[in-house]
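See structure below.
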Amino acid sequence: LKLGWSPEQISGRLGLESGTMKVSHETIYKFIYSSEGSRQKLSLLLTRQKPKRTRWYSRKPKKSHIPDSASISARSQSIEKRKRIGHFEGDLVVFGSRKSSNITNLVERKTRLAKLVHNTSKNTNEVIGGIQNTLSNLPKSHRKTITFDRGTEFASYKNLGITTYFCNPHSPWQKGSNENFNGRLRRYLPKKFDPTKLSQTLLDKIETRMNNQPRKCLGFKTPNEVFYNRPISAVALEP
């Protein structure tokens, strides 16, 4: 056995090199987990190094936490066409390690207003709790639905108490508002940014700046002006 090689790789390569010698990967597995293989500790040479073999039929399929009724296909055309305020898209922005500090960004589809939330992990209770606190500070009439991808960090979505939709698997483009916003956010927080330097104070400053930038899609009004129906202020003349 070669360190890190799977029995399937060994079986396939052996047949390729010898042309005549054939040993099935199942036979190799049986020897690895036989009394002789156990004595030689051959399982330690496998990638997963399991002392006992788990049969394929004993593995329980992973149950999705997303019901069919929450599919993005059930989202109304009025949401798709950005006709009304109150429909958000949510995403997680990560830097380096998957377990390090990260950001939840929430973007309102019609006005492009964005909210940034600092998380210390990807734990679903922390992520959803941060979203819940953020949305609760917005006008009730302006928080109707939210759309996520299928990441497990959004598994506790029912705690939000608002209609929630999920993109199809491997279809991030279905959250176009998030994808566009993330590109703009990277100007302030590039991928190489040290996640240990993230803080809610920093994110609040970036959020304020981005929500006060005029957008062509809004007739050069700012997200803050459109979302909160505020009069136009002289943001272009600020130093």
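The values are calculated or read from the model by the stated rules, or taken from the named source; none is laboratory data. From a predicted model like this one, the values you see are computed outputs, not experimental measurements. Quick reminder, even Gly has a Cβ in these numbers, built from the backbone with ideal geometry, and neighbours come from all protein chains shown. To get the accessible areas, we keep the full protein, side chains included, count just its heavy atoms, and leave off ligands, DNA and RNA. Shrake-Rupley method; radii C 1.70, N 1.55, O 1.52, S 1.80 Å.
Miscellaneous remarks
- Pairwise label distance in nanometres, CYS217 with SER76, each label 7 Å out on the Cα-Cβ vector: 2.0 nm
- Extension reserve of the ARG186-ARG150 stretch, reckoned as 0.36 nm per residue once the Cα distance is removed: 10.7 nm
- SER38 paired with HIS170, simple spin-label distance in nm, labels 7 Å along Cα-to-beta-carbon: 4.0 nm
- Sulfur and carbon atoms: percent of accessible area, segment 117-239 [1.4 Å]: 52 percent
- Here each label is just a point 7 Å from Cα along the line to Cβ, and for LYS140 and LYS83 those points are 2.5 nm apart.
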